[in-house]
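Here is the structure we will look at.
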Amino acid sequence: MIGRILLGVLILAVIVGVLILGQGPGASMARKATEEPTDVPGYSARNAEVVETGEDGRPAYTLNARMVRQRSNDARVQLEGPRMKFLSDDGTTWNLSARAGQIHPDGSNVDLFGDVTIAGQYADQPVKIGTSIISFDTKTEVATTHAPVTLDSNGGQLGATGLVANLKDGTVRLESKVHGSFPPKIR
């Protein structure tokens, strides 16, 4: 009886050993080759320029970037050093820039990150807005953020948390905690 049990255990050990040795390095390599990689390259371009046109065929905005990348497994487009140029209805040119950004899969939004600047003219005065992150809706032409912002204009500066800037009609709304200083004008 003990001999039979010992023989059964020995046969079972041989079967397990054959199975383990049969899956050697070649088997694991074949399995890895058929698995989907997590970071598959898609496309990239240096010094890229994208021009979005309106219904009238004229440029609605221009986006330039030092590097544009898209992974094949991610529909978002990554941007390095993005700069956007937008022409409002009143003819004012607005310039947006940042260290990095991304375009949403449907192209409806461009998110900008790091040292974000929006510069243009408002009421014949230069305006410069600075923040750390902003989202630009390419359809409504509205830039929004919940981050702290500074707005420099007419020799003064306003600080706030959050902003909604409609670049199409030239309106800027500071959301909360607004503080500002404007030097007196000398007559």
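So that you can scan it fast, the table gives a plain yes or no per residue for (1) farther than 23 Å from R46 by Cα; (2) under 22 Å from the mean Cα position of the chain (by Cα); (3) in a strand (DSSP E or B):
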site: I129; (1), (2), (3): yes, yes, yes
site: F136; (1), (2), (3): no, yes, yes
site: K139; (1), (2), (3): yes, yes, no
site: A147; (1), (2), (3): yes, yes, yes
site: L174; (1), (2), (3): yes, no, yes
site: P183; (1), (2), (3): yes, no, no
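Quick grid of which residues meet (1) crowded, with 16+ Cβ neighbours inside 10 Å; (2) farther than 29 Å from R69 by Cβ; (3) at pLDDT below 90; (4) touching an Asp or Glu at 6+ places or on another chain (Cβ under 6 Å):
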position: G107; (1), (2), (3), (4): no, no, yes, no
position: D111; (1), (2), (3), (4): yes, no, no, no
position: Q121; (1), (2), (3), (4): yes, yes, yes, no
position: T131; (1), (2), (3), (4): yes, no, no, no
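Which condition number does T93 fail, the rest of (1) surrounded by fewer than 17 Cβ atoms within 10 Å (Cβ to Cβ); (2) under 19 Å from T62 (Cβ atoms); (3) modelled with pLDDT of 90 or more being met?
Every listed condition holds for T93 apart from (3).
Can you spot a residue in the range 40-58 that is β-branched (V, I, T), at pLDDT below 80 and surrounded by fewer than 10 Cβ atoms within 10 Å (Cβ to Cβ)?
Within the range 40-58, not a single residue is β-branched (V, I, T), at pLDDT below 80 and surrounded by fewer than 10 Cβ atoms within 10 Å (Cβ to Cβ).
Output the qualifying pairs, or none if there are none: Cβ atoms under 7 angstrom, residues six or more apart or on different chains, first residue in the range 57-77 and under 15 Å from A45 (Cα atoms), second residue in a loop (DSSP other than H, G, I, E, B) and among the acidic types (D, E).
R71/D39
Taking only pairs six or more apart or across chains, which ones have beta-carbon atoms under 7 Å, a first residue in the range 170-184 that is among the small types (G, A, S), and a second residue that is in a loop (DSSP other than H, G, I, E, B)?
G170/S88; G170/D90; G170/T92
Would you point out which residue out of R173, R187 is modelled with pLDDT of 85 or more and exposed (fewer than 14 other Cβ atoms within 10 Å of the Cβ)?
Result: R173 is the single residue among R173, R187 that is modelled with pLDDT of 85 or more and exposed (fewer than 14 other Cβ atoms within 10 Å of the Cβ).
Restrict the check to the range 149-158 and report whether at least one residue is farther than 17 Å from P183 by Cβ and not basic (K, R).
Yes, that holds for at least one residue.
Where residues in the range 149-169 are in contact with a strand residue (DSSP E or B) (Cβ under 6 Å, 6 or more places away or on another chain) and outside any strand (DSSP E or B), which of them is nearest to T93 (Cα to Cα)?
By that ranking, first place goes to L167.
The values are calculated or read from the model by the stated rules, or taken from the named source; none is laboratory data. Computed from a prediction, not measured in an experiment: that's the story for all the values here. Cβ: placed from backbone, ideal geometry, glycine included. Neighbour counts: every protein chain shown.
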